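Read the structure below first, then the notes.
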Amino acid sequence: MDTWAAVPDAFRALTFPLPGPWEDLFGPLRHGRIDELVAVGQIGQSLDGRVATETGHSHYINGPAGLMHLHRLRALVDAVVVGVGTALTDDPQLTVRRVTGPHPARVVIDAGGRLPAGAKCLANDGVRRLVVTGAGSRPPLPSDIEIVGLPRTDGQIAPADILASLAERGLRRVLIEGGADTVSRFLAAKCLDRLHIIVAPIILGSGRTSFSLPPIARVDEAILTPMNVHRLDDEVLFDCDLSAQRVAVGRAKKST
């Protein structure tokens, strides 16, 4: 029996436990440990840690089970975030189509104003659409798109500022979906509570890697994370708990 249909409402109502097997998978995303936000990153990769071939082709590294997991994540969060590179290359819809659940608000990080008005993620389907761009700029986009202007440093917008601005707008459960550079920036900035890495049973041999992080000199300087492992048919989900290192970007939790 498929118990997923009841999960999105139960997830938001904070009833315990979630039905079926879903508590282990998604229960950790219900409450933030550091503040009122929960930010989860998602990466789909090959066994050898690639997210695309050398030509940039990535559809689809993950199979049906991995894609359904991604859509379940979308159905549980308030907002799904991608960088402008992903929006331009993949032109994703960022909707929930494979499972039951509400569509999240769609957010594109576009510091330089490159996103075209005809991008699929900007389609007017009744869902909030936001573009995060440099402070003082007004991209030539439809008037119903929410423009979030934030300061830039070296052409980039700080992940902590992005999360804080989304929280101010009522978007407190956030999925950082891609691309790999965007997820890496949030990881490096310590702005993720969880990281879901879905590994498909394929080997690409070359191509774009999953993460691009600042170099370290010693192995003991690497990110060490508690982790749960789940089978998704023939794929494997690594659920990494990064909450111990996540910086506070919203209202901090008060000890009782």
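No lab work stands behind these numbers, since they all come straight from the coordinates. From a predicted model like this one, the values you see are computed outputs, not experimental measurements. A quick note on method: Cβ atoms are made from the backbone with ideal geometry, for glycine too, and the neighbour counts reach across all protein chains shown.
Roughly how big is the chain's charge dipole about its Cα centre, with Cβ charges of +1 (Lys, Arg) and -1 (Asp, Glu), in debye to the nearest 20?
Once rounded to the nearest 20, the dipole reads 620 debye.
Can you work out ³J(HN,Hα) from phi for every residue in segment 30-36, in order, using Karplus 6.51 cos²θ - 1.76 cosθ + 1.60 and θ = phi - 60°, giving whole Hz and x for Gly and Pro?
Coupling constants for segment 30-36: 7, 10, x, 8, 9, 8, 7 Hz.
To the nearest Å, what is the center-to-center distance of segment 120-169 and segment 27-88, using C-alpha atoms only?
Spelled out, the Cα-based centre of one part sits 19 Å from the other.
Where is the GNM fluctuation largest for the chain (alpha-carbon springs, 10 angstrom cutoff): Ala105, Ala222, Ala65?
Ala222
Among Asp48, Asp90, Asp144, which one shows the biggest mean-square fluctuation in a GNM of the chain, springs joining Cα atoms closer than 10 Å?
Ranking Asp48, Asp90, Asp144 by mean-square fluctuation puts Asp144 first.
Return the calculated 222 nm mean residue ellipticity for the chain, to the nearest 500 deg cm²/dmol, obtained by summing -39500 (n - 2.57) across DSSP H runs with n ≥ 4 and dividing by the residue count.
My calculation for the chain gives -5500 deg cm²/dmol from helical runs alone.
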